[in-house]
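Everything on this sheet refers to the single structure shown next.
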Amino acid sequence: MIRLNAKRHLITEADSRGAAHKSGVRAGDELTAINGKPIADFLDYRYLAADGRVTLSLTRDGAALDIPVVKREYEDLGLSFELPMMDRERACRNRCMFCFIDQLPRGMRPTLYFKDDDFRLSFLHGNYVTLTNMTESDLERVAFYHLSPVNISAHATDTALRRVLLGNPSAPDIMPAIRRLAGAGLTMNFQIVLLPGLNDGAALDESIDALSAFIPRANSLSVVPVGLTRHRAERGLPPLKPFSPESAAKVIALTDRWRARILREKGAAFVYAADEFYLKAGIPIPPYEYYGDFPQIENGVGMTAAFESEFAAEEDCLTNFADSGKIQMSPGITSNVGQDGAVFGVATGMAAYPSIRRLVRGRARVYAVPNRFFGEMITVSGLLTGRDIAARLSGERLGGRILIPQNALRSGTDIFLDDMTVGELSARLGVSVTPVPADGAAFARALTLISG
């Protein structure tokens with residue numbers, strides 16, 4: 001096992017039901033080792049704590065003590081630590097020319113400005129990492145702990161071009177690290193943030209060719225358009241071009257050409273263009289089957305197809321219940337504007353609006369909310385703010401409630417990116433505001449009134 005920077009880890013909670021607490025471990029103790037082996041972070045901790053019999057080395061009030069613990073193999077010890085990863089998160093060392101965080105306006109909550117590039121967060125939460133700040137020991141640890149899949153922000157496989165994109169003239173060639181991860185038997189997912197005139201066209205051809213060579217260890221590649229906010233100039237960032245309908249269509253044609261070739265030669269679809277390209281180009285989203293097991297849905301690849309499929313399946317189920325008299329479906333309304341008898345409304349982003357309106361079919365009013373906070377080139381629902389929703393809906397006849405996308409809220413909270421709360425939005429509009437999870441089944445249920 002590779003061990004780095006061993007330290008003391010403050011225990012903030014010892015669950016009274018857990019094996020560690022039952023053996024005498026208490027909040028306030030500091031964990032220094034397990035079975036005599038020091039711990040750098042949660043990777044070491046999880047690995048060493050998996051045994052059925054472990055000895056925890058602790059300090060308590062300055063004194064060292066060892067506490068043996070007997071438990072089931074792989075049973076959690078029931079301990080919580082001051083730092084969730086038992087180490088500080090690693091900040092990104094790059095200055096990517098397209099970095100969304102650099103384009104945020106000033107004055108937002110400080111946590112929004114932190115740029116992580118930590119392979120451990122990639123393992124925990126599916127974040128994408130550039131590999132530029134990984135050491136030799138880090139690569140050894142990824143291989144040793146078999147942290148698969150590894151989610152990699154490639155952007156370009158040509159080193160000179162990649163350095164320009166990352167704003168990092170010392171960024172290493174990415175290919176040796178990829179070869180090493182593949183050689184260790186790890187699966188990889190890749191993403192390319194695409195900028196018109198920079199890493200598209202021939203450069204994108206080269207990148208897809210190079211990365212697809214690692215199939216089957218290379219599982220998927222998403223190609224997503226650069227996101228540009230209206231704050232670039234005020235943050236001192238150079239102007240970048242957005243995709244036009246014509247250039248978006250060219251990206252779709254290129255990725256489809258590669259997809260067909262790779263599918264024919266290697267039996268894997270591998271490369272996918274994000275939904276935003278189809279919406280921008282005015283090209284229909286591919287059917288559900290096109291996306292296989294949806295390996296890149298968190299990158300906005302196939303999200304529309306999945307949402308509509310989930311909605312249809314749940315709607316069929318709800319209709320069957322309605323036919324049995326157990327529930328009552330929401331009544332239809334004849335107009336999307338100014339209808340006094342409306343039951344409720346739905347607020348969504350500009351990109352999702354056509355799909356949402358098609359699914360709703362008159363059962364509610366659907367409102368497309370332009371993004372004034374970040375700029376109107378940002379069209380996804382997950383980046384809507386409370387003030388933009390309030391501005392769009394102010395003065396509308398909203399009926400009894402408004403449905404909003406839950407992914408516009410900070411995870412686990414009722415707070416928008418602009419720090420407005422759901423309660424504040426509700427008070428401003430004078431109606432109940434209901435966040436709805438970003439899946440089609442939940443949305444179908446939200447369009448249904450339970451009759452008791």
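No value in this document is a laboratory result; all are computed from the given coordinates. Owing to the predicted nature of the structure, the values given are computational and were not obtained by experimental measurement. Counting neighbours? That spans all protein chains shown, and the Cβs are built from the backbone with ideal geometry, glycine included.
Highest average first, the peptides 297-303, 75-81 ordered by how many other beta carbon atoms sit within 10 Å of their residues are 297-303, 75-81. How much net charge surrounds Leu228 when only the other residues with a Cβ under 14 Å from the Cβ of Leu228 are counted, with Lys and Arg +1 and Asp and Glu -1? Charge balance in the 14 Å sphere: +1. Shown is the FRET efficiency for Ser16 and Ala268, computed with R0 = 56 Å from the Cβ-Cβ distance and rounded to the nearest 0.05: 0.70. Packing order of peptides 223-236, 142-155, highest average first: 142-155, 223-236 (average count of other Cβ atoms within 10 Å over each peptide's residues).
Using alpha carbon centroids, what distance separates region 236-298 and region 19-56, in Å? Cα centroid of region 236-298 versus Cα centroid of region 19-56: 46 Å apart. A Förster radius of 35 Å, combined with the Cβ-Cβ distance separating Ser170 from Arg109, puts the computed FRET efficiency at roughly 0.65. Ranked by the mean number of other Cβ atoms within 10 Å of their residues, highest first, the peptides 411-421, 353-363 fall in the order 353-363, 411-421. Helix content alone sets the calculated 222 nm mean residue ellipticity of the chain: runs of n ≥ 4 DSSP H residues at -39500 (n - 2.57) each, divided across all residues, give -9000 deg cm²/dmol.
Farthest towards the positive end of the charge dipole of region 159-263, among the residues Leu186, Trp258, Ile208, is the Cα of Leu186, using unit charges on the Cβ of Lys, Arg, Asp and Glu.
With viscosity 0.692 mPa s and temperature 37 °C, the Kirkwood radius over alpha carbon pairs of region 9-81 converts through Stokes-Einstein to a diffusion coefficient of 277 µm²/s. Among Phe214, Phe190, Phe311, a tally of other beta-carbon atoms within 10 Å of each Cβ gives an order, fewest to most, of Phe214, Phe311, Phe190. Computed over the Cα atoms of the chain, the ratio of the radius of gyration to the Kirkwood radius (Rg/Rh) comes to 1.01. Taking the chain, the Cys residues with no second Cys beta-carbon under 4.7 angstrom are Cys92, Cys317.
For Ile297, the shell of other residues with beta-carbons less than 11 Å away shows a net charge of -4, using +1 for Lys and Arg and -1 for Asp and Glu.
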